[in-house]
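Working notes for the structure below.
The values are calculated or read from the model by the stated rules, or taken from the named source; none is laboratory data. Everything quoted here is computed from the prediction, not taken from an experiment. FYI the Cβ positions are ideal-geometry reconstructions off the backbone, even for glycines, and counts take in every protein chain you see. Ligands, DNA and RNA are excluded from the accessible area calculation, which covers all protein heavy atoms including side chains. Shrake-Rupley method; radii C 1.70, N 1.55, O 1.52, S 1.80 Å.
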Amino acid sequence: MIRVNLLPHRELKRKQQQRDFIVMVIGVLGIAAAIWFGAHTYLAGQLEEQKGRNTYLEGEIALLDKQIDEIKRLKEQTAQLLARKKVVESLQSNRNETVHLIDQLVRQLPDGVYLKSVRQQGNRVTINGLAQSNARVSTLMRNLESSPWLERPNLIEIKAVSAGDKAGAVRLSDFTLSATLTRATADDKKAPRKPG
């Protein structure tokens, strides 16, 4: 006896293929969703980790900025202290200048020359006085040139003036000259200068 299958096998086969296709699509979608979720979770974790690193770096940069500001402040304080030290050392090394200046003026002053004023600005000395003649002013300038503490005398002004009453008027030379005070160097401090 021959059996004949009267069931619609093609339609059943098609339904089975549709079910298999739907299961496969759902499986692929599930796998794709799982991959997407895994990648999203991984990237979110990486992003959070990078944010944490960035926050840490920002904190460290702020700390370093504070340290740099502190270093700048310390450098400024050091520069100020060094400047003060230099001023104190300069004052210490030049404290005897006035004594040497007056000593040299007394030693180099020729007879017949009288000083009215001596003014010092830095290492520049301005001398104003009266002399019995122009020759005595020249002698004073030569003496100052040979002094170990004064150099480069320069005559600024000289003019004739009369001193005394009309009957006994004496003609004098009123002069103004300048000279440079020689600053002591490190070698000069070790070897004292010979007085002139």
Quiz item: On average, how much accessible surface per residue is there in the chain, in Å², for a 1.4 Å probe, leaving out ligands, DNA and RNA?
Solution: 79 Å²
Self-check item: Rule-of-thumb Rg ratio for the stretch 40-91 [Cα; 2.2 N^0.38 Å; N residues]
Solution: 2.24
Quiz item: With all protein chains present, how much of the accessible area of the stretch 73-154 (probe radius 1.4 Å) comes from carbon and sulfur, to the nearest whole percent?
Solution: 51 percent
Exercise. Treating the angle as unsigned and between 0 and 90°, give the value, to the nearest 10°, between the Cα long axis of helix 97-108 and the longest Cα principal axis of the chain.
Key: 30 degrees
Quiz item: Among residues other than Gln17 whose Cβ falls under 14 Å from its Cβ, what is the net charge (Lys/Arg +1, Asp/Glu -1)?
Solution: +3
Quiz item: For the chain, what relative contact order do you get, as a whole percent, if you take Cα pairs closer than 8 Å and at least 6 residues apart?
Solution: 16 percent
Practice problem: For a quick protection proxy, order the peptides 134-145, 77-88 by their average other-Cβ count within 10 Å, most packed first. | Solution: 134-145, 77-88
Quiz item: Among rounded, prolate and oblate, which fits the stretch 1-98 when a ≥ b ≥ c are the square roots of the eigenvalues of its C-alpha gyration tensor, a/c under 1.5 means rounded, and a/b larger than b/c means prolate?
Solution: prolate
Quiz item: For the chain, what is the largest minus smallest coordinate of the Cα atoms on each principal axis, given in angstrom and ordered from greatest to least?
Solution: 180, 38, 24
